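Reviewing the structure listed below.
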Amino acid sequence: MSQSLQPATEQKWPDNLIIVRHGESKRNADRELARAQGKYADFTEGVRDQDTPLTPIGETQSLSVGVALRKRFNIGDPIDIIYVSPYLRTRQTMDKIVEGLGYQPKVIVDERIREIEFGQQDGIDGRGIEMKYPDEVKRRAKEGKYFYRPPGGESRPDVKIRIRSFLDTIVRDCRGLNVVVVCHSVVVLSFRALLERWGEDDYLQVDKENDVKNASVTHYQFEEKLRLMEYNSIFYTEALPLALGA
């Protein structure tokens, strides 16, 4: 008696899902400058986080992603769609990626892949929060970084809820395509947590030991399921100095 053949796995995912963190932003650079000077960064006045631009270094980093992707996905097998967070730094990163690609994929701005909401603590770094909100520091220590939700803000699981919704859209609209997502560091880790079924400990370990670099690529490829091919790959010289104060 002949053996019955197992049915082939139905593909519901993109052929390739490439998740990119934005390049170095002005806030990234100013925060490093403040730390180097022994100060804390406070961005509560002036430009909104949503309107923070890339530095010149961030533009170069982002261009390097587009050039690298062009070598993998040329006109014969192109990037089909780029989803991008509405924040300025991600849209500028996307523009530089397209420049490096040398052709124009379809672009969709999606608010679900925006930065984590910090609420009352938006624009203040850790040392500043210690000074302004000591009670919240105690609550965060008790609840832990993963589950802590600042007043008016989001926890990491909150972000995962909206990324889960976004993945439903990818499954519905992008099967068999090559898709790029340009977003933020917490969002990149949220994608990994959902696609690789991480728990709190898994998330925190990667966050601590190998956090998401500016203009880095996390690449999943469909091979019976979405498989992680690379994480945190960069295509620029990491020793390049930060644009401090740029």
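The values are calculated or read from the model by the stated rules, or taken from the named source; none is laboratory data. These numbers come from a predicted model, not from an experiment. Methodologically, a virtual Cβ is constructed for each residue, glycine included, from the backbone with ideal geometry; neighbour enumeration extends over all protein chains shown.
Observations on the structure shown:
- I161 among the aliphatic types (A, V, I, L, M), in contact (Cβ under 8 Å) with a residue 40 or more places away in the chain and surrounded by fewer than 18 Cβ atoms within 10 Å (Cβ to Cβ): no
- In the set (1) buried (at least 18 other Cβ atoms within 10 Å of the Cβ); (2) touching an Asp or Glu at 6+ places or on another chain (Cβ under 8 Å), the condition left unmet by F147 is number (1).
- Residues in the stretch 66-97 that are over 23 Å from D51 (Cβ atoms) and assigned to a loop (DSSP other than H, G, I, E, B): F73, N74, I75, G76, D77, P78, I79, D80.
- The listed residue being in a strand (DSSP E or B) and either crowded, with 18+ Cβ neighbours inside 10 Å or within 16 Å of the chain's Cα centre (by Cα) (or both), out of V212, V206, V186, V182: V182
- Checked against the criterion of being surrounded by 16 or more Cβ atoms within 10 Å (Cβ to Cβ), hydrophobic (A, V, I, L, M, F, W, C) and more than 21 Å from N214 (Cβ to Cβ), the stretch 96-116 has no qualifying residue.
- Residues that are touching a strand residue (DSSP E or B) at 6+ places or on another chain (Cβ under 9 Å) and either among the hydrophobic types (A, V, I, L, M, F, W, C) or surrounded by fewer than 16 Cβ atoms within 10 Å (Cβ to Cβ) (or both), drawn from the stretch 23-41: A34, A41
- Among the residues of the stretch 98-137, those identified as in a helix (DSSP H, G or I), of a type in the set (A, V, I, L, M, F, W, C) and either touching a Cys at 6+ places or on another chain (Cβ under 6 Å) or at pLDDT below 95 (or both) are I113, I129, M131, V137.
- Criterion violated by G176 - all others in (1) of a type outside the set (F, W, Y); (2) over 14 Å from the mean Cα position of the chain (by Cα); (3) under 21 Å from K145 (Cβ atoms) satisfied: (3)
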